[in-house]
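Quick one: the structure is below, questions incoming.
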Amino acid sequence: MRTIKFLLQKEFRQILRNKTIRGMIFIMPVIQLIIIPLAADYEVKNINISVADHDHSSYTQKLISRITASGYFRLTGYTASFKEAFQQIEQDEADLILEIPAGFEKDLIRGNEQKLFIAINAINGVKASLGGAYLSTIIRNYNDEIRVALIQPSRYNNVPTIEIASANWFNPEMNYHVFMVPGILAILVTMVGGFLSALNIVKEKESGTIEQINVTPIRKHHFIIGKLIPFWILGNLIFTIGLVIAWLIYGIIPQGNLAVLYTCTSVYLLAILGFGLLISTFCDTQQQAMLIMFFFMMIFILMGGLYTTIDSMPAWAKVVSQFNPASYLIEAARMVILKGSRLRDVLPHIIKLSMFAIALNGWAIYNYKKTS
Amino acid sequence: MKIQTVDRELSIKTEKLSKRFGQFTAVNEITFDVHKGEIFGFLGANGAGKTTAMRMLCGLSTPTSGKAQIAGFDVYKHTEDIKRNIGYMSQKFSLYEDLTVLENIRFFGGIYGLSNQQLKTKSEQLITQLGIQQEAKKLVSSLPLGWKQKLSFSVAVLHEPEIVFLDEPTGGVDPVTRRQFWNLIYEASDRGITIFVTTHYMDEAEYCNRISIMVDGKIEALDTPANLKQRFNASSMDDVFYQLARGAQRTEG
């Protein structure tokens, strides 16, 4: 125990003397939580639309003004031929083409039926599919209005319709900030814990101080615990700062018990710190450790369900995400913060994270060789 | 011949100790004894295998074959017991640059299990001995190299080990500081600490009780400086070293 006390004293002094780390503790949560949720918005706006109008009637004018008034679209071209409109897509000036055939108004009123053609530039997948969907909805609504205005109401609807009303629980306004913030908190502790721990032992290898440690009778697990605890405290501190920022800026207050939330984070930190320490036992230079950690960090973040849900991933990716500790914290943090889940609900997450923590730290201790 | 279980009169006892890295034999069957309290000079050209041999004796590297006992403990089975009984000062300065002098002393003393009382008296003693009262609370990174080396040595013997291993401790240090450094070595030796030191300075070799000269992984000569000079019919240790190292195949490594 006394050895650990001396190790902790040393580590804390070194960490607190390091200006970069001191700065990062405050700057990283502030910047990440302010910028990312505001920028990473799934709502697509400013879709450039080009209209190829062969009809030039008052009905097409109404439809176009309806589209531009929605706020999602920007009219970048109004031409008389599809060819011209297509040129705009080729030059990346337009994302969508709406082609209105000649006689649109006449046929719509007389024949009750008309066809419109939408061409989508699918280079940007999200913009294309969402833009297409928005446009279809606008046209459908417009169509319903015309029908109501023009068609004689019959006693019963000749086509049975089902009206769908949906309610968004736990995030009633479908606010993406609310959805992103808990995930970003999870990423925050992942980045801090992963990188700091991965670089730490390697730094001692580079400066040669590890040699002086290895020649002392220090126990391996004492050494690893001495490295683990300071970063664990640091990780929890940064998480706390993040929670305060989430409350101040987005008004997000955890619905669930704070103790449950901190239990998840604490166990997760042990796992990710163990992972970082494991990497540092394999590497000889900080450059190597940085590269390897970055590789895993990308997988942890992109396959952890922060941006794209794991449910929509192919089966093999779901299996991979089972081995991604970040995915458990991202999910658990959302559950506790947004839904108010209890300990019972996140217990499976905590158990799995504990298993990661034990396995990774055990491996790190095993792989740290005092005698080569 | 079998190594006797515990021979307290010998600090180091090796027999055909070897270390191979693949095809390359860094240390080739070295056999020697170091007596308790002796100052033993471990000489050799660059790449002769000195550092590798020393790392094996410190329990930092496992030998490929042969036998060795350090402070009575086996290098294969009891590396951690060896570590409790030795001090080590590596070629590369390896105290924490971002800790102060006092913090380094406290940390390494604490790791070796010194009590708070011991830490206090030892720190004061050491700082007075080195005359660095002004610098005690400064970061080690701000000290000049000579001071760092003296501090490094003092930290290596803080826990009064049986043996202290010094790997080129005076490399890049000015002559005055080198003399002061050797005074520290003599003081430690007077307290009964065995000194195992590698050096490239032949004047320092003269300060040793006995020296060995390694060439291409083998110990080619081992005796007192006076006897070696006589045997090689040389006027100085420089000459002895030159005669032996001239035949070396390996130059860097």
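The values are calculated or read from the model by the stated rules, or taken from the named source; none is laboratory data. Because the structure is predicted, anything quoted here is derived from the model rather than measured. Note: ideal-geometry Cβ built from the backbone for every residue, glycine included; neighbour counts use all protein chains shown. When the accessible area is computed, the model is the full protein with side chains, heavy atoms only, and any ligands, DNA or RNA have been set aside. Shrake-Rupley method; radii C 1.70, N 1.55, O 1.52, S 1.80 Å.
Could you rank the peptides B:143-156, A:175-188 by their average count of other C-beta atoms within 10 Å per residue, with the highest value first?
Numbers: B:143-156: 20.2, A:175-188: 22.1.
Ranked from most to least packed, the peptides come out as A:175-188, B:143-156.
For A:ILE47, which sequence-distant residues (separation of 5 or more, or a different chain) have an amide H within less than 5 Å of its own amide H, given hydrogens modelled in the peptide plane?
Sorted by chain and number, the residues that satisfy this are A:PHE73, A:ARG74.
Under the rule of at least 5 residues apart or a separate chain, name every residue whose amide H is placed under 5 Å from the amide H of B:LYS218.
B:ASN28
Still on this structure, please answer the following. When DSSP assigns beta bridges and you keep just the ones with both residues in chain B, what percent turn out antiparallel, to the nearest 5?
Within chain B, antiparallel bridges account for around 55 percent of the total.
Which aspartates and glutamates have a Cα less than 18 Å from the Cα of B:LYS92, not counting those fewer than 8 places away in the same chain?
A:GLU204, A:GLU206, A:GLU211, A:ASP284, B:ASP167, B:GLU168, B:ASP174, B:GLU252
Distance from a point 7 Å along Cα→Cβ of A:ILE4 to each backbone N in region A:226-251: keep the residues under 14 Å and list them by number.
Those under the cut-off are A:226-233.
Follow-up question, since we're still on this one. What average count of beta carbons from other chains do you get within 10 Å of the Cβ of residues in B:113-125?
Mean partner shielding for this stretch: 1.
What are the ³J(HN,Hα) values, in whole Hz, obtained from phi via the Karplus relation 6.51 cos²θ - 1.76 cosθ + 1.60 with θ = phi - 60°, for each residue of region A:345-359 in sequence order, with x given for Gly and Pro?
Values per residue, Gly and Pro as x: 6, 9, 4, x, 4, 5, 5, 5, 5, 4, 5, 4, 4, 5, 5 Hz.
How far is the Cα center of region A:191-240 from the Cα center of region A:115-135, in Å?
A separation of 51 Å, based on Cα centres.
Across region B:152-167, in residue order, what do the Karplus-derived ³J(HN,Hα) couplings come to in whole Hz, using 6.51 cos²θ - 1.76 cosθ + 1.60 with θ = phi - 60° and x for Gly and Pro?
Once rounded to whole Hz, the list reads 4, 5, 4, 5, 5, 10, 4, 8, 6, x, 6, 10, 10, 9, 10, 9.
Take the alpha carbon atoms of chain B, find their radius of gyration, then divide it by 2.2 N^0.38 Å using N residues; give the quotient.
1.01
Next question. What residues does region B:69-89 have that are buried by at least 20 Å² of accessible area in the full protein assembly compared to the chain on its own, 1.4 angstrom probe?
Residues of region B:69-89 that lose at least 20 Å² of accessible area once the other chains are added: B:GLU80, B:LYS83, B:ARG84, B:TYR88.
Sticking with this structure for a sec: Please quote Rg/Rh for chain A to two decimal places, taking the Kirkwood radius as Rh and restricting both calculations to Cα atoms.
1.15
When the accessible area of region A:47-150 is computed with all protein chains present and a 1.4 Å probe, what percentage of it is carbon and sulfur?
52
Give, in nm to one decimal, the length gained when the segment between A:ILE34 and A:GLN91 is fully stretched (0.36 nm per residue of separation minus the Cα-Cα distance).
Value of the extension gain: 17.1 nm.
Quick one: check the C-alpha center-to-center distance for region A:1-46 versus region B:73-152, whole angstrom.
32
Once each part is reduced to its C-alpha centroid, what is the distance from region B:165-240 to region A:332-354 in angstrom?
65
Something else: Counting only Cα atoms, I'd like the Rg/Rh figure for region A:169-303, Kirkwood definition for Rh.
Radius of gyration relative to Kirkwood radius: 1.07.
Follow-up question, since we're still on this one. Compare each residue of region A:206-223 in its chain alone against the assembly with all protein chains, and report those whose accessible area goes down by 10 Å² or more; 1.4 Å probe, heavy atoms.
Relative to the lone chain, where solvent access is computed with a 1.4 Å probe, region A:206-223 loses at least 10 Å² at A:GLU206, A:SER207, A:GLY208, A:THR209, A:GLU211, A:GLN212, A:ILE213, A:ASN214, A:VAL215, A:THR216, A:PRO217, A:ILE218.
What is the percent carbon and sulfur in the accessible area of region A:180-263, measuring with a 1.4 Å probe over the protein chains and ignoring ligands?
In region A:180-263, the share of accessible area belonging to carbon and sulfur is 69 percent.
While we're on this one: Which positions within region A:332-372 get 20 Å² or more of their accessible surface covered by the other protein chains, compared to the chain by itself, with a 1.4 angstrom probe?
When all protein chains are present, A:LYS370, A:THR371, A:SER372 each give up 20 Å² or more of accessible surface.
Follow-up. Take every Cα-Cα pair in region B:75-141 and report what % of them are more than 13 Å apart.
70
Now a separate question. Run through the DSSP bridge list for chain A and note the antiparallel percent, rounded to the nearest 5.
About 25 percent, rounded to the nearest 5.
At 1.4 Å probe size, with every protein chain present, just tell me what the per residue accessible area of the protein assembly as shown comes to in Å².
Each residue of the protein assembly as shown exposes 49 Å² on average to a 1.4 Å probe.
Amide H neighbours of B:GLY44 under 5 Å, counting only residues 5+ apart in sequence or on other chains, H built in-plane at 1.01 Å?
Sorted by chain and number, the residues that satisfy this are B:THR199, B:MET214.
Grab the DSSP H runs of chain B that are 4 residues or longer, score each as -39,500 (n - 2.57), total them, divide by all residues and round the 222 nm result to the nearest 500 deg cm²/dmol. Spell out each step's value before the answer.
Values: 9 runs with 90 residues, N = 253.
Result for chain B: -10500 deg cm²/dmol, rounded to the nearest 500.
Determine the percent antiparallel among the DSSP beta bridges restricted to the protein assembly as shown, to the nearest 5. Mind dumping the intermediate values first?
Numbers: 25 of 54 bridges.
Given both bridge residues lie in the protein assembly as shown, the antiparallel proportion sits at roughly 45 percent.
Mean separation of Cα pairs under 8 Å and 6+ residues apart, divided by the residue count of region A:47-150: what relative contact order is that in percent?
Working: 152 pairs, mean separation 31.9, N = 104.
In percent, rounded to a whole number, it is 31.
Also, quick follow-up: Report the percentage of all Cα-Cα pairs in region A:237-372 whose separation exceeds 28 Å, rounded to a whole percent.
Everything past 28 Å amounts to 23 percent.
How large is log10 of I(q)/I(0) for the protein assembly as shown at q = 0.06, 0.10 Å⁻¹ when the intensity is taken from the Debye formula with one equal scatterer per alpha-carbon?
Normalising to I(0) and taking log10 leaves -0.53, -0.96.
Over region A:47-150, how many percent of alpha carbon pairs lie in each 5 Å bin up to the one with the longest distance?
Pair shares across the bins are 2, 13, 25, 26, 19, 10, 4, 1.
What do you reckon, how do B:PHE21, B:PHE73 stack up by accessible area (1.4 Å probe), largest on top?
Largest to smallest exposure gives the sequence B:PHE21, B:PHE73.
Let's test the formula: R0 of 30 Å, r as the Cβ-Cβ distance of A:ILE139 and A:ALA317. What FRET efficiency results, to the nearest 0.05?
0.30
Moving on to the next point. Taking both sides together, what accessible area is buried at the B/A interface, probe 1.4 Å, expressed in Å² and rounded to the nearest 100?
Numbers: alone 12330 and 20820 Å², together 30420 Å².
In total, this chain pair buries about 2700 Å².
Separate question: Kindly state, to the nearest 0.05, the FRET efficiency for B:ASN227 paired with A:LYS369, given R0 = 45 Å and r defined as their beta-carbon distance.
0.65
When chain A is modelled as a GNM with alpha-carbon springs shorter than 10 Å, which of A:ILE67, A:ILE279, A:ILE21 fluctuates the most?
A:ILE67
Report, ordered by chain and residue number, the lysines lying within cross-link reach of B:LYS229, taken as a straight Cα distance under 29 Å and ignoring same-chain residues fewer than 8 apart.
List returned: B:LYS13, B:LYS16, B:LYS36, B:LYS50, B:LYS218.
Rg and Dmax of region B:111-253, using alpha carbons, in Å: what are they?
17.8, 54
Rounded to the nearest 500, what is the 222 nm mean residue ellipticity of chain A from helices alone, with -39500 (n - 2.57) per DSSP H run of 4+ residues and division by all residues?
-22000 deg cm²/dmol
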